Every structure is written in C-alpha cells, then in structure tokens.
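These notes are about the structure you will find just below.
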Amino acid sequence: MKPLYIISHVACSQPGYLCEYLDQRNIHYVRISIESGDTLPQPDAVSGLVLLGAPISVNSDQPWIEQEMALIRNCAEKEIPVFGICFGGQLISKAFGGKVYPSPAMQIGWHPVSTTEQHHPLFNGTALPAHFHAFEWHEESFTLPSGALPLFSDEITGNQGFIYRSCLAVQFHPEVTPEIIQEWVARYEACVDKPAIGTQDHHEILLDVEQKLTAMRKITDLLFDWWIEQTRQVS
C-alpha cells in the first residue's frame, strides 16, 4: 500500500493523536513540513493526504497555498482521499470554490458541535453522536463548496465539516493531545488571557483535558476509521 502523507505547515502544528492512531494500526505514513521546505508529493505516490492547521489565513499570498490547493484538486480527480483539519479544511473549501472569511468570533477551547442528518448514508451505517464537544482554535471559517455534503455545524461559526468528492474537511482539531493543547496555550497566551464570546481562558481549556479528549476521541476514531477505509481503496 502506498503511504499516507501528512503535511505540516508550521512547527507548532503537529499530527499528534493521528500518528498514535496510525502507529497502533501499523499504517505507513510520511510526514513533510512546508516550513522546512519539503517538496509536496505527487498524487500517484500517496494513498491519502492529511493537511494540518496553520496560524495564517488561507487567503494570504504564500505561493505554497496555491500549490497545495492544486494538489488537493489533483487528488480529487484521481479519487485519492484528502483529510483537511482547520486550515487544511479551509484549503479544501477554497480549492473547490468555497469562501474562507473571518469568523463572527474567534473560537478557542471546547465547544459543542452538532452532527447533520446528511451523515447517515456514510460511515458504513455507524451512527455518529448527534452532539459532542470538540477542541477549536481558529479565527476564520469556510463556506461549503457547491455540492458538498455538510457533516458538522455549530452556533458560532456555522459550518464545522463537510465531505466533497474524496475530501473530508473539519474545522475542529481531532488531532490534539494534552501536550499540543498546553503548547498552544503557552505560545498564544495573549489569545486566552481573558475569556470572551467563543474564547475560553487557559484555566477552562486545561480543566479535565484528559477526560475531554477521551470523549472527543469517540467521534475522532469513527472519522479516522472511515477515512482510512477510503485510503485502502486506492491502488
């Protein structure tokens, strides 16, 4: 089987729990870093592509953003699964004509997310929870590309995830670990020093973090299971 490729954009954006999940199942993957100048893979070399987050806008003029969106479109043409997380999900939206724009409020911390009715034909009949709490850290949102299937939503930003062709996009962060959350809280202390609409302070974010992650991973594992099954269909 061809390897999965995981694209990290900056050092603070790590695949975290995704690698734990893949290692436990002996699934071959390759990690590359845009910040380190690594070359993007060719679609024919991968069984699937994961795009992680980044503390910049998809609408910025970095040349590699256009290159990644071209790679996303090429993978979709070849029916190669792509999984975009936060910034990665926004890349998928924009690659297929969606819009990425400032959220009504910056969203940081643990927030309720709802599952849409449209998910029912998917996931091999496995029912996703109707509601769950997910870890969020973003200040921009996306619209759905025309023809996309909405999966998740919330009351602050609206769209929280969708499927379009062979691409799965989510706005929340299923990959985080306690260590990643602690690093982000320390690195971006100014973002969490005062609670606001959509933003929790560092005490609330770190309170019972292990239990919160355990609860979120009930849906994370379902998403990962479904997506990995799609990659196994790539020759």
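Straight-line reach from LYS212: taking Cα to Cα under 19 Å and skipping same-chain neighbours fewer than 8 places apart, the aspartates and glutamates in range are GLU20, GLU136, ASP154, GLU175, GLU179, GLU183, ASP201, GLU204, ASP221. For the range 74-113, the share of accessible area belonging to carbon and sulfur comes to 50 percent (1.4 Å probe, ligands and nucleic acids excluded). Please report, as a whole percent, how much of the solvent-accessible surface of the range 132-235 comes from carbon and sulfur atoms (probe radius 1.4 Å). Roughly 51 percent of what the probe reaches on the range 132-235 is carbon or sulfur.
Using the 1.4 Å probe convention, the accessible area of the chain works out to 45 Å² per residue with neighbouring protein chains retained.
Annotation: the antiparallel percentage among DSSP beta bridges lying fully within the chain is about 60. Ranked by solvent-accessible area (1.4 Å probe, protein heavy atoms only, all chains present), the residues LYS194, LYS78 order from largest to smallest as LYS194, LYS78. Over the chain, DSSP H runs of length four or greater, each weighted -39,500 (n - 2.57), average out per residue to a 222 nm ellipticity of -9000 deg cm²/dmol. Counting Lys and Arg as +1 and Asp and Glu as -1 over every other residue whose Cβ lies under 12 Å from the Cβ of ALA186, the net charge comes to -3. Among the GluC sites (Glu not before Pro) in the range 21-115, those placed in a DSSP loop whose Cβ has at most 15 other Cβ atoms within 10 Å are GLU35, GLU79.
Pairs of alpha carbons in the range 113-235 separated by more than 21 Å make up 44% of all such pairs. Roughly how many Å is it from the Cα centre of the range 175-210 to that of the range 91-114, as a whole number? Using only Cα atoms, the two centres lie 18 Å from each other. At the residue level, ILE34 shows approximately 30 square angstrom of accessible surface with a 1.4 angstrom probe and all protein chains present.
The values are calculated or read from the model by the stated rules, or taken from the named source; none is laboratory data. The structure displayed is predicted, hence computed values, not measured ones. Cβ sites come from the backbone with ideal geometry, for glycine too, and all protein chains shown count toward neighbours. With ligands, DNA and RNA removed, areas are computed over all heavy atoms of the protein, side chains included. Shrake-Rupley method; radii C 1.70, N 1.55, O 1.52, S 1.80 Å.
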